[in-house]
Amino acid sequence: MIIPQFCSWVENTKMAAAIRTSTWMFPTIESIHVLAITIVVGSAAMFDFRLLGIASRDRTVSQVHREVLPWTWAAFACAVVAGFLMFSSDAMKYYQNGPFRWKMFTLLLVGLNAAIFEFGPFRGVSRWDSEKKTPISARLAGGISLVLWVFVVGFGRWIGFTKI
Amino acid sequence: MLPNFCNWLSNTPLSVKIQTILWIIPAVQTVHILCVAIIMSTMAMLDFRLIGLAGTRQPVSGAVRRWVPWVWGTLPVMLLTGCILIIGEPTRELMNPYFRTKMAMLAIVVVITAFIQLRNRREAYWESRALAAKFAGAFSLLLWVSILTAGRWIAYY
């Protein structure tokens, strides 16, 4: 398996060592990571709320999609970079950490759910764009997304209580 | 005085319960962070609109009406979950300079947000004061980001 080898390589880089030994680098990167995640989850939730017909009901689905999801993607990129830097500082331990693995698995499901929605129900959005009540497939995608993001945050927080 | 209060609080049955049931603190923190997610996102949308960097197809007055109610709806849950965390670990929070700075900044940003909302009731108030709107938006955004950062740093004092 190449993942453990990658982990031991990355945690032995100068960058990883610097993050590990510095008193301020890890919390600073962590703050950026949390800030990015709040924008990811909050903006994704705005779109999910529209799909569920809970908020932004006076706007079309594609309008909220256009307004909000660029924020999600930009913040997600920041979260991944900051997250990877934290991971690199102690890669092997994170790789072996249960909640970390669950978080990554849940993120995979988030991506899968979003991809299915984008290439499925959203293709036909023009038929229900201004409907307050979207098709069941779209509402399902929104509901699943919300629940999965709650678990991503929960597992993420849990890492801090289990990583030795 | 305050150290004694922290000591007393940490020995109350409720605090002991929060300390001994291991999943309570991470679960409450998760709810707390989800609330931060709602507030940060809605306030980022509002502040970027006030500054004039995003959402400019919508007038400022509409953006204020759209985003500010989310803060008032979420803040009570934030405060409740925050209080549970304080009861669980009073000394870690109340005696912590990051926590105190965070609370001071929170008080200021609540006043600013209420001010933005109240002035918005007047016809085209912020639209006719572009510079003041930019300043209010930038100050609010800076405060929210600082509050989040201070919150994260509580753990590192």
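The values are calculated or read from the model by the stated rules, or taken from the named source; none is laboratory data. All figures in this text were calculated on a predicted structure; none of them were measured in a lab. Virtual Cβ from ideal backbone geometry, glycine too; neighbours counted across all protein chains shown. For the accessible areas, the whole protein counts, side chains as well, though only heavy atoms, and no ligand, DNA or RNA atoms are used. Shrake-Rupley method; radii C 1.70, N 1.55, O 1.52, S 1.80 Å.
Looking only at the stretch B:145-157, filter to residues that are of a type outside the set (Gly, Ala, Ser), more than 13 Å from the chain's Cα centre (by Cα) and assigned to a helix (DSSP H, G or I); which one of those is farthest from the other protein chains (Cβ to nearest Cβ)? Please lay out each step first, then the result.
Of the residues in the stretch B:145-157, the ones of a type outside the set (Gly, Ala, Ser) are B:145, B:147-149, B:152-154, B:156-157.
Subset that is more than 13 Å from the chain's Cα centre (by Cα): B:153-154, B:156-157.
Add one more test, that the residue is assigned to a helix (DSSP H, G or I), and what stays is B:153-154, B:156.
Values: B:Trp153: 6, B:Ile154: 10, B:Tyr156: 5 Å.
Applying the filter and picking the extreme gives B:Ile154.
Would you check which residues across the stretch B:117-144 are crowded, with 18+ Cβ neighbours inside 10 Å and either within 14 Å of chain A (Cβ to nearest Cβ) or in a helix (DSSP H, G or I) (or both) and list them? Outline the logic, then answer.
Within the stretch B:117-144, the subset crowded, with 18+ Cβ neighbours inside 10 Å is B:120, B:126, B:133, B:136-137, B:140-141, B:143-144.
Selection gives B:Ala133, B:Ala136, B:Gly137, B:Ser140, B:Leu141, B:Leu143, B:Trp144.
Only a single criterion out of (1) part of a helix (DSSP H, G or I); (2) open to solvent by 50 Å² or more (accessible area, probe 1.4 Å); (3) touching a helix residue (DSSP H, G or I) at 6+ places or on another chain (Cβ under 9 Å) is not satisfied by A:Lys103, namely (2). For the stretch A:20-74, a tally of residues being in a loop (DSSP other than H, G, I, E, B) and either touching a residue at least 24 places away in the same chain (Cβ under 8 Å) or closer than 17 Å to A:Glu118 by Cβ (or both) returns 4. Here A:Val153 passes the criteria (1) open to solvent by 20 Å² or more (accessible area, probe 1.4 Å); (2) in a helix (DSSP H, G or I) except the one numbered (1). Residues in the stretch A:65-73 include none that are away from chain B (no Cβ under 14 Å), more than 26 Å from A:Met25 (Cβ to Cβ), more than 18 Å from the chain's Cα centre (by Cα) and open to solvent by 40 Å² or more (accessible area, probe 1.4 Å).
For the condition under 24 Å from B:Val31 (Cβ atoms) and at pLDDT 95 or above, what is the one hit in B:Gly82, B:Gly137? Talk me through it step by step, then tell me what you get.
Values: B:Gly137 fails: under 24 Å from B:Val31 (Cβ atoms).
Only one candidate qualifies: B:Gly82.
Does B:Thr12 meet the test of being of a type in the set (Ser, Thr, Tyr), more than 8 Å from chain A (Cβ to nearest Cβ) and without any contact (Cβ under 8 Å) to a residue 40 or more places away in the chain? Spelling it out, it is not the case that B:Thr12 is of a type in the set (Ser, Thr, Tyr), more than 8 Å from chain A (Cβ to nearest Cβ) and without any contact (Cβ under 8 Å) to a residue 40 or more places away in the chain. Quick one: what pairs do we get from the stretch B:133-155, first residue farther than 25 Å from B:Arg92 by Cα, second surrounded by fewer than 16 Cβ atoms within 10 Å (Cβ to Cβ) and of a type in the set (Gly, Ala, Ser), C-beta under 9 Å, 6+ apart or different chains? So the pair list comes out as B:Ala133/B:Gly52; B:Lys134/B:Gly52; B:Gly137/B:Gly52.
Return yes or no: is A:Ser88 crowded, with 19+ Cβ neighbours inside 10 Å and within 21 Å of A:Pro4 (Cβ to Cβ)?
Working: crowded, with 19+ Cβ neighbours inside 10 Å: yes; within 21 Å of A:Pro4 (Cβ to Cβ): yes.
The answer is yes for A:Ser88.
Across the stretch A:142-164, the number of residues qualifying as closer than 29 Å to A:Phe117 by Cα, hydroxyl-bearing (Ser, Thr, Tyr) and within 12 Å of chain B (Cβ to nearest Cβ) comes to 0. Restricting attention to the stretch B:32-44, which residues are more than 9 Å from chain A (Cβ to nearest Cβ) and closer than 17 Å to A:Lys103 by Cα? Within the stretch B:32-44, none qualify. Only residues that are within 15 Å of A:Ala115 (Cα to Cα) and buried (at least 16 other Cβ atoms within 10 Å of the Cβ) were counted across the stretch A:127-141, and they come to 4.
Among the residues making up the stretch B:42-67, those that are in contact with a Lys or Arg (Cβ under 9 Å, 6 or more places away or on another chain) and among the hydrophobic types (A, V, I, L, M, F, W, C) are B:Met45, B:Leu46, B:Leu50, B:Ile51, B:Val60, B:Ala63, B:Val64, B:Trp67.
Conditions: (1) closer than 18 Å to A:Gly142 by Cα; (2) within 16 Å of the chain's Cα centre (by Cα); (3) not small (Gly, Ala, Ser). A:Met104 meets all but one. Number of the miss? Failed condition: (1).
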